[in-house]
Every structure is written in structure tokens, then in C-alpha cells.
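**Student:** Encoded as C-alpha cells, here's the structure I'll be asking about.
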Amino acid sequence: MALPPPDPQFVLRGTSAEVHTLHFYCGGQEPDYPILFSGSSNGLIHVWNLKTRRVDTILDGHGGKSVYWVEAIYGRDRLLSQGRNQKICLWDLAEGRNTVTDSVFTENVGFCKCSLLKVAQGHWLMAMPGKDLDEVQVLELPSKTSVCTLKPEADAKPGMPMSLKLWQPDFGSCPFLLAGYEDGSVILWNLSGGKILSRLACHQEPVMSLDFDSEKTKGVSGSSEEVLTVWSLDEQQNLKVQKTHKLVNAGIADVAIRQDKKILATAGWDHRIRIFGWKKLKPLAILDYHTATVHCVSFSDHSRPSERLLAAGSKDHRISIWSIYNQTSGALHCPLETRKPD
Amino acid sequence: MAVFDTPQEAFGILRPVCVQLTKVQTTENVERLQAQLQTVSDSALQELQEYVLFPLRFALKTPGPKRESLVQSVVQCITSILSTTCVKKQDLLQELFSELCLCLSSPSGLQPPAPLSEELKLTVIQALHVLMHSAYGDIILTLYQPSTLPHLGFAVSLLLALAEQEKAKQIKLAALKCLQVLILQCDCQEHHRPLDTVETRQCGNLFASFLPGISIALSRVITGDIKQGHMVTVSAIRLFYQTVCLVMADEQLATITQDEEKPSGEQSRLSELVVHRGPDWVKSTADKLSLLIHKIVEFASLHPHWKVRMELVELVHLLMLKCSQSLVESVGHLLKAVVGLVNDESNEVQSKCHEILRSIAELRTVAENRDLADVLSENLHSLATALPRLMNSQDDQGKFSTLSLLLGSLKLLGPKVSIVLNSAAHLQRLSKALMQVLELDVADVKIVEERRWGPEDSLGEPLGSLQHGKGQKKYFRFFIDERIFLLIQQVCRVLGYYGNLYLLVDHFMGLYNESVVYRKQAAMVLNELITGAAGLGVDVLHERETAVSTEDLKGTITSILEEYTDQANWYLTTSIDTEGTSDELTVKHSRVRAISRGAHSSSLISSSSPSSDPNPTIRSMNSNIWQICIQLEGVGCFAYVLGKEFRLLLVSVLYPVLEKAGDSTLLISQTATGTMVDVCRACGYDSVQNLINSNSDYLVNGISLNLRRVAHQPHASRVLEAMLRHSDASLLPLVEDVIRDVLSALDQFYDDRASSFLGVLSTLVAALVQWFVVVKGKEHPQEQNLEQQRKQGKGSVITPMVQEVEQFFLDYIKQKQIAEGNLPAMEEEEEEVQALPPEPEMDDSGAEGETPLPAHAQIAKDVMERCIHLLSDKSLRVRLKVLDVLEFCVIVLHLHENHLLPMAHRAWPALVTRLINDDPLVVLRAFKAEEGYETFAVTKPPQYQQPAP
């Protein structure tokens, strides 16, 4: 008998709204505790102290409109958040402050989350949906100057960008952008030329989320249909479907590859979190806790592998924290769950 | 009576008597002399001393057999003369000395003492005593020359024989006293000239010859019949150590060189008798003394009279002080004695021991003198080895002293404990010994039998009612005396204080996991180790070098707690009632952290867990109960150790403890309640209620997770009940979430678990009524108003206008929002939480009714829904309970008739059935519920008026 899946290590309550996005920050040294940022549909960003499992601070800066992307920048003292009030805010959290020091107005009203990439010390690139519906804009931070605007040719018609992922093969080299579009295709953009390098139509429905492993140069995308697709990028910068996995229930709201590239987590509309082995997309576990759609999953980047956690935020207002597959001995030899969800 | 002051006058008086005595030696003549002596002044007598003594000495010296009475009166007379005069001549002293001694020797000369009357013996001894005191200044020292050695030797052996063989206590005491004078250690008030170093050494040399004789004889006296009286033993011990100190003093021995004092020709025969105290001699003597000391220590430390034990302590003190080098062999025994007496019943002995131990410790002799440390660790090892056997065979008193000894050794070792325990053999033996000693008696059926009744209101008890550190009284297999447990507790704490905490915790954790047999004991030891490591409740002789840091302590405690609250160690079968769930529990074991602890759990599953035992015996259940209690006490201990730092650990600990507070076994629930109080105090909360309230988020988390596991649902619902009982309306938003979990869990298990959930539901709705309807605080003025309205109109049907209600709510929301707006930043969760209840834009519950329901009403509605189904449950108890819940629901919902009425309507048929054909009890209850209906249902549907056909 396969072992039954575990329970969450703990559950964070108190957002009192749907949780749309999660971001861990564990970089601090010992006296600093790991923190988790969560953004919810009531426009609040909660800063969770993972040691006490309580909210440290609540940030309110999106006028009650959903926050659907948060990411720490400059250690734990600066935070970027993107909300449905068409603003991307930069928060100053140092020394107990919680003020918005800067913000960018996005003209896009979609749901597409931004993507951030550190290109040099103190310099970041941020991809965000642009003014036109099908346009992606890349800004340089902290100067906020536009690096390029990526707009598909008129006849391509991929629809709106739904999910973005900036990456670069090596630190310092030219960055690329992977964007999932409304029509189900994933496009690889070269930022320096603003050109499409490759386009892969891998879903019938909009690409809800994607994540990319720049080491193995392969990525994964989920859409509102019941298929999870893994695609790879060959030397000629061509995207190719490598494998698809059929799910029982449709709808993947979020996918996340763990930093060590061993496992993959998906957030399902069927209330379940699924864990796969990243190498062969082998189903490992189905984590069943939430009572509503899971909106987001995120892995922590704790320096000690045994303390790396998985967090999932859901429509049921809860954030579940899981401690899974994080023992160092951790060969993923035992498939935990093969039971079919009903 | 006339007193003759001048020698001439005195001479005139005394002369005839003396002449008479010289001629005819009779008792009468001696008495006459004695009488005349009274009339002579001391100074005159001093002049005539020799003259007066002459006839008396002559009487003693006359050859041939003498009558005892004569000898006695003569000696008495001599005594009285000597007591008022002093001997100024060396010859006189020596002669008198030997003449007196001769009085007691048997005619054959070989077998002293002669079979004489006790009076005579006593008189002679006293005479000798007086003689020694009357010797003038340096004269006394002339007695201590190699040439007088035979005389001295004779006297010593005579006195020893008397001390040893006589029956009369008086003689024994006198002989010992006299010996004491003889070795120049008299402790009387009279002035004795202190000896200088050279003289002391001389005497030492001289007495070295007698040491074997004296020490052996004295040890026989000391270990003799207890009936001889404690005084004899005390003075014998005193004499023993004084002699030993005189001869074996390190100070003296250090000055003696190999080739000193070559015997000079003319005295060679006598000089042979003098011992040369070279290293070889010292070594062999010390060996022999060590045996005697061992014997004395063994005997005296168990002597019933405290003065004897006190004297023993004194012995140790002096020998340690003066002879610790020469008697290094015996140091072990000596320490053993003093260490063993540290916890003596007599306070004097105790404080003296403490004083001595402290002085030893301060001297650092133990820490720096390698020999001493070795001796101690050797002692420790042999003691640990013997401990299990001793625990089996000794009586409580014996065990007490054995353990005192163990404790004392550890204390003396001090910081070296950690070095000693680095040796695996030592640690192994010591820990095994502790495991055995601490074995609990688990035969008591009552422990398993005693149940907790009624709700756990004990949590609300005032803080003062339970004291920290008490714990439950435990019953051990090998001892009864509470003091023994306290000793063991101290032993563990001292270990924790000095030892390497990681090593020890690791070792005992190993034992904890090794076998069920050790588990309880190991947990007990762990609890005390931590307490000791934090330096709490330990009594030590010297400070440790480095204290354990709080961080380390916290880390250690966290890992211990993790182990304690692990499924396999926390959920044990403690009663047969739960047998139904125990198989589920067994299944649970296999899912223990299936993924996260893959490597770890395998070992747990394989270890024989007691709860997986399909047929628990009383014994095993009792054992399990104790294990849980000890672990609970551990939580209390750890909280005490960490203080406010423990707050962080509440995340994982509070839920399990609260769960146990509701356990049906009395002992467990009592202990858990005690633990809650301890935790509460340690973390600085002013009441248990406050503790629960401030940490309700942790509890909610635990409840929600445990509800997912069938076997733990009853616990979870118990915790929730406790929470609800101890909290207020501010808890609702958090609880709301969990209640949804409860309801969905109930939905899955209508058949078999309804009753356990109904408990929570009834507590819940009762709490809702209390929080939102019968308002206490000012948080819900709107409800209060309505409540008053309801009270005023009691009996009549109330008709609140729907619009009124609506308007009220709209106002309320508005005000609430204003209040929110005024808040600068919602930093605390609580504020955020309070802001919650009716937020129209996100409320999805308002879909069916036109007015959105506040959270509490929605909950009541959901609960009522379940009640409808449960009204026809087959268990009578469930049906009764449901009716209770139903009534409360109606009360909560009465303000929201748009929702109440449809629900009431749906519940009606089931209720009617209850009224018509059910157990009378239910009918009664149903009738009451129906009354509630009538009170609160605003517009009754027509069929309400005719419930039964």
C-alpha cells in the first residue's frame, strides 16, 4: 500500500480573503526568521512570520483591489507588489516601515503576473503586461526605464499574455522572456532584439501559468484544460513539447518548480495541489486540503534543504504550508500516491 | 578549719602523719594524711610535695601483695596532691608515671591490665591524667624521648586495653581521655603549651611506633557494640583522627628525608623501637590505615546517634585537611563518608558537611589533584555499577545513603562530570542504573479506572491553585520514600548542570526510543536534565564554567518536545473505551509524516509501540498513562526553563496539551491542567483563558488538521469545545473557519460520530448565544438593544420590523467602516480580525436571503441544517442533544427571520415526530424546544398551532 499523503505542516489563517499570490523570503541569517508574503483579493498584503506563524505586518496599498503578484527585492526590506488597481508598488519595509516608496502604473487590466529577474547587483528587469492587450513591457529597475516592448506581429494574434517568465542562461548573458498567451501558446522572446525566437502552441486554452528550468532548459505550463505540458528548448532556441500529462480535473492555476529542480507543484482548480518529479514528470503526491480552488503555489528558498517548504494559497482564504520531500537523503523513490481523485 | 600557709607550719602538721604512714601502711593512715592535706595551703604543699609523696610512693613500691583498697586510697591521695601542685622534676615525673602504670599491671607483667576492681582502675587512670596535667612546662616533653619509649608504650597499651576491654563506660571514657592527654592533644580548658614544629615532629616520630596499636584498637572500639554509648565512640573517633593527624601529617612527612636520624651507638637498642617515617613506611601504613578508615566510615556513617556522625565528619575534615597526601588511598572512603552525610537528617551534620565539601571544593583539590578526581570517578563508576543491585537489596534508608553518595560524588566532581561522562562505560552504567531505579510501579488499577467527569472547567481555576514543580505523585517499584525521588531528581539536575547537554540528551533520547521499558524513566530524566541545565533547582558546590545558552536549550527542548508529541508517543491507549479508535490509530502510525520524515518514520513504525498492542492490559494502560503524564510534566518543566521564550514553541505544543486536558483519564487531565498553568505562568499570561485566547490561531490550526484524521476527531472537537468555552466573540472569525471543517467532518460521519460532534456544536451555539444574544460587553450594542426589546416583550410575540433590522445593520456597517478608516494601519491580526464580520462585498452567504447574514447567524443556520438530519438519530442521547442545539440555534437566528422561518419549517416535521412517538424524555425536551420555537418564531406557519393530528 502506498503511503497516504501527509497533512499540511500548518495552515495560515486570517487573510479573510482569497489568496492570490505567495512569495517566500528566507534569505536572512539566523536571528532573522523566514517570512512569507501573501497577496489577497481584498488588496492586502500580509507579511507572515513563519516562526511564530503569525502576521507581522499588513500592507494596504492597492485600494482594496486584488493583489496578484508579490516579490521581495533587495533582501527583505523591499517588496514589489502588483494589484488590480493597475499599480505596481515598491514597498519599503526596513526597520518596521511599511510605506510605498515608488509605483508604476500599468495600463493593462489583465491578470498577468509580472516577472522579475536580477541582472546585476542592484539591477533588475521586470516584465509586465503592456498597454496594448497583447503587449509585454520590460522595465529596468530601479530606474523604471523601459527596456523594450514585446509585441507579437499583427498576424500572430496570440491574445493577451497570461503568464511571464524572465530568465537568462547564465548570469550576465542576454535575458529571455517566456510568455504564455491567451490562445494557449508559449512564446520565447529575445529581449535584446525584441524578436520572437520560438512559438509553441501547447494548449487549447489560455496558458494560466508557466515555470522554466534554465539548467535543463525545459519548462512546464498549465492551462485551464486538464493537461500539463512540459516543453524543452533546444540549442536552436526552438520550443518543443516534450511530454504532456493528463489530469483528471481541469485547470491549473499555478505551477512552480522547486529551486533544486527536483519537484514540481501545481495548483489545481479542483482544490488539490499536485506534486510531480520534475525529471520525468512522475506523479508523486496529491495534497488534498483546501476546500476551494488553489490559486498559487510557491516553494521557499531556505538555505537548509530540510526547511524548504511549499505554500499554497487558496480561494478558501487559507494558506497551507507543507513540508515535503525535503530530507537531504531525498531520492524520490517512493511514489506516494497513485490514487485517482474523484 | 585552720589553714597552714607557711611550709614550716605545714611540715609540722604533716610530718607525723607521713612518718606514721611510712611505718604502718594502712588505709587509715593514708586517709589521715589526706585529711591533713586539706589543711595545708597549695603553696606550702608545693614546697613539701616530694616529702609528702615519699610515703605514698613508698607504700606503692613495697614489695609483696597489697590490698586493693590501700592502693586505691594511696593513688587517690597522690591524685589530690598532684592536682594542686605541679611536678617540676623530670625524674619525679618519669618515676611517678611508671609507678602509676605499674599499679594496673598484672603481677605476671605480661597481661595487662590486672584483674583489679573497676574503682581502682578508674582511680589510676585519673591519677595519670592529673599527673600529665601537673607536669610543669617543658618537663612534660622529657617524657617523650626515645629513652622513655618503653614506659610510654606500656602506658598506651594499658590504656588501650582498658578502653577496649572494660565494661564500664566511665573507665572507657577515662582511658580514652587519658590517652588523648598522652598524645598531647588534650582539649581541656587548662593551658597547654603549644608545641613547635620540631617538637611536633619528634612526637610524631615517637608515636609512629604506637600508631598501629592505637589505630587498630581504636577501630575496634569504634566499631564495637552500639550499646557502649555514643560518647565512647565519639571520643574514640576523635582520638583516632588526632593520632593519625599527629603521625601522618603531610606537613611533617614532607620534612623527613631518607637518611635522617641515624641511631647513635649507645641508644641503639632503644632507637630500634623508633620508627623512621620514610616513604615506604608511609605507604604501607597508609594502606593499612585505609582499611581501618574504610571500616570506621562504614560503621559510623550509619550510626544512629548524630554526634557520632558529626565526629566522623570532623574526622574527614581533619584528615582531608592534614593528611590528604599521605592518605590518598583513603580519600575515596573519606569523601564517601562526607558526601553520604550531606543529606543527613541532622541539620548540624548537614551544614557541617556542606561547609567541608565547599572547603574541599574551594581548595580545588578535587579539580586539580588528579588523584582525587580519579578516585571520585572511580567511586562513581563502582557506585553506578552497584546501584541496581543495591536498589534491589537495600532498605529505603540504605538507598537514601547510596544515592546521597552518588549525588555528592557528582557535586564534588563538578565540571569534571562532563569529562567523566564522556566515557561511554560511565554514562552507560549510570544511565542504566537510573533507568532501573526510576522504574514506576504500574500495577495500580485505580489510575486506569479513575475517570474525569463533567466539563473541563478546571482550566478556569485561578492560577494559585496549582504549584509549579509538584507533578503527580509517582509510585516507584524500588522505593517508597519521597526523599529518594528528590535525590534522584537532584542527581539528574546536577548531571544536566555540569554535563554535556547534547551528549546526555542524545543518550537518554536513545534510551527513550530504545524500549518501552525505559521510556518513562528516560522522559523523567530528560525533564530533570533540562531543568538542571538551565541551572534551576540545582544545589551545587561550584559554578560551572559556561552556562548553556538559551538558543541551545531551545533547540534541545524543541527536539525533545517533537519526540514527546510524536504520534507514537502521545496517542497511547489509556483506556478500553477508546479501543474502537485504537486500530485506527495503528493505521495512523504508518502515515506518520509519510513524506516529510521518510527516513525517520520507518524506525518509529518498527519500534514496538505500546498503542499498537491489540489487547492492552491494565498494566500497559497504566504505564501509558504515566508516560503521557511524565511527558506533560516535561512540557511544564521546559516552559519553566524557557520562560517567555517558550511562546514560540506554543505553536506545536499548546494543542497537544489542551487535548490532554480534556482526556477522560483523571490523572492525565489533571496533569495536563497543571501543565497549562505552568505554561501560562512561564509565558507570562495572566490566566489560562488568556493563554488560550492569545494562541487561538495555533489551536485552530491543530483542530483543523486533526479533524482530517478520523481517529483524532474526538480530541479535536474537545479542544475546540475548550476554546469556545474560554474565549469571546473576537474568536469567531478564526473559529468560523474551523467550524466549517467540523461541519464537513460531521457530514462524512453522521452515523458513528455524531455524538462527539454534537458536543462541540452545542458548546458552539451556546457560545454564540452568549456572545451575540445575551451580550456582556459593549461590542454588540445592536444586539443588546434587541435583546432588551425582547426581554421587555417577553411572553408576547415580538414583531421587529424587517426594515428596522435592515436599517440597523446598514448603520452598523457604516459605523464599522468609519471605525476602520480611523485605524492608521492594521498592524495586528486581531484588529484585522475584528474588522471582519459583515463585509457585504465579499459575503457569499447572502445569496439566498436579501439581507446578508452575519457570520454567527450563518453558522447557526448551518448547524441547524445538520440538526434537522440528526433529529431522527437512533441514539436517544443524540436526539436529546440535538434538541438542545436546535433551541440555541433558534435563539441565535431569531433576529434573522427570513432565514429562520424556512429552517424552522423544515425542522418542524421531524420535531413533530419526536413529540408524538418517542421516549418520554425526548418528548419533554422536544416540547421545550417547541416552546422556544413559539417564543422566537415571529409568524407561525398555520400548522404550528396544531402540532399533533
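The values are calculated or read from the model by the stated rules, or taken from the named source; none is laboratory data. Everything quoted here is computed from the prediction, not taken from an experiment. Using ideal geometry, Cβ is built from the backbone for each residue, glycine included, and neighbour counts are taken over all protein chains shown. SASA here: full protein model, heavy atoms, side chains in, ligands and nucleic acids out. Shrake-Rupley method; radii C 1.70, N 1.55, O 1.52, S 1.80 Å.
**Student:** What does the net charge come to around B:VAL349 if you take all other residues with beta carbon closer than 11 Å to its beta carbon, with K and R at +1 and D and E at -1?
**Tutor:** -3
**Student:** Using a Cα-Cα cut-off of under 19 Å, which lysines could be cross-linked to B:LYS23, ignoring same-chain neighbours fewer than 8 residues away?
**Tutor:** The reachable lysines, counting only those whose Cα sits under 19 Å from B:LYS23, are B:LYS61, B:LYS66.
**Student:** If R₀ is 35 angstrom, what is the calculated FRET efficiency for the pair A:SER146 and A:ASP260, using the beta carbon separation as r and rounding to 0.05?
**Tutor:** 0.55
**Student:** Between A:THR244 and A:LYS195, what FRET efficiency follows from the Cβ-Cβ distance if R0 is 22 Å, with the result rounded to 0.05?
**Tutor:** That pair, A:THR244 with A:LYS195, gives E of 0.20.
**Student:** Show the residues, 5+ positions off or on another chain, whose built amide H is closer than 5 Å to the amide H of A:THR57.
**Tutor:** Amide H neighbours of A:THR57, under 5 Å, 5+ apart: A:VAL47.
**Student:** Tell me which residues come under 5 Å, amide H to amide H, from A:TYR25 once H is placed; ignore anything under 5 positions away on its chain.
**Tutor:** Under 5 Å from the amide H of A:TYR25 lie the amide H atoms of A:ILE35, A:LEU36, A:PHE37, each far enough along the sequence or on another chain.
**Student:** Let me ask another. What size of dipole, in debye to the nearest 20, comes out for segment A:178-316 about its Cα centre when the only charges are +1 on Lys and Arg C-beta atoms and -1 on Asp and Glu C-beta atoms?
**Tutor:** Computed about the Cα centre, the dipole is about 520 debye.
**Student:** Same structure again: Return the lysines within reach of B:LYS416: Cα separation strictly under 21 angstrom, same-chain partners fewer than 8 residues apart disregarded; answer none if there are no such residues.
**Tutor:** The reachable lysines, counting only those whose Cα sits under 21 Å from B:LYS416, are B:LYS336, B:LYS432.
**Student:** Choose one answer from A:VAL248, A:VAL230, A:VAL19: the residue with the largest mean-square fluctuation in a GNM of chain A with alpha-carbon springs under 10 Å.
**Tutor:** Among A:VAL248, A:VAL230, A:VAL19, the largest GNM mean-square fluctuation belongs to A:VAL248.
**Student:** Let's see if you can work this out: charge +1 on each Lys and Arg Cβ, -1 on each Asp and Glu Cβ, no other charges. What is the dipole magnitude of segment B:22-112 about its Cα centre, in debye to the nearest 20?
**Tutor:** Dipole size: approximately 200 debye.
**Student:** Can you list the residues of segment B:704-722 that have at least 10 square angstrom less accessible area with all protein chains present than in their chain by itself, probe 1.4 Å?
**Tutor:** Residues shielded by partner chains are B:SER704, B:LEU705, B:ARG708, B:ARG709.
**Student:** Additional query: Give me the three principal axis extents of segment B:281-404 from the C-alpha atoms, as integers in angstrom, largest value leading.
**Tutor:** That gives 40, 31, 26 Å along the principal axes, largest extent first.
**Student:** With +1 on the Cβ of every Lys and Arg and -1 on the Cβ of every Asp and Glu, and nothing else charged, how large is the dipole of segment A:69-136 about its Cα centre, in debye rounded to the nearest 20?
**Tutor:** 180 debye
**Student:** State which entries of B:LYS352/B:LYS399; A:LYS118/A:LYS218; B:LYS399/B:LYS520; B:LYS121/B:LYS288; B:LYS288/B:LYS399 exceed 25 angstrom in Cα-Cα distance in the structure shown.
**Tutor:** Beyond 25 Å between Cα atoms: B:LYS121/B:LYS288; B:LYS288/B:LYS399.
**Student:** Same structure again: Would you grab the residues whose amide H sits under 5 Å from the one on A:HIS302? Only those 5+ places off in sequence or on another chain, please, with H modelled 1.01 Å from N.
**Tutor:** A:LEU309
**Student:** Counting heavy atoms of the protein chains only and a 1.4 Å probe, report the per residue accessible area for segment A:68-183 as a whole number of Å².
**Tutor:** On a per-residue basis, 44 Å².
**Student:** Further question: In peptide A:13-24, how many Cβ atoms from other protein chains are near each Cβ within 10 Å, on average?
**Tutor:** Mean shielding count: 3.
**Student:** Could I have the simple spin-label model distance between A:CYS174 and B:THR913, label points 7 Å from Cα toward Cβ, reported in nm to one decimal?
**Tutor:** Between A:CYS174 and B:THR913, the simple spin-label model gives 7.7 nm.
**Student:** Further question: Given a Förster distance of 41 angstrom, what is the FRET efficiency for B:ASP280 paired with B:SER359, based on the Cβ-Cβ distance and rounded to 0.05?
**Tutor:** It comes out at approximately 0.85.
**Student:** Label points 7 Å out from Cα along the Cβ direction at B:LYS874 and B:TYR750: separation in nm?
**Tutor:** Label at B:LYS874, label at B:TYR750, 1.4 nm between them.
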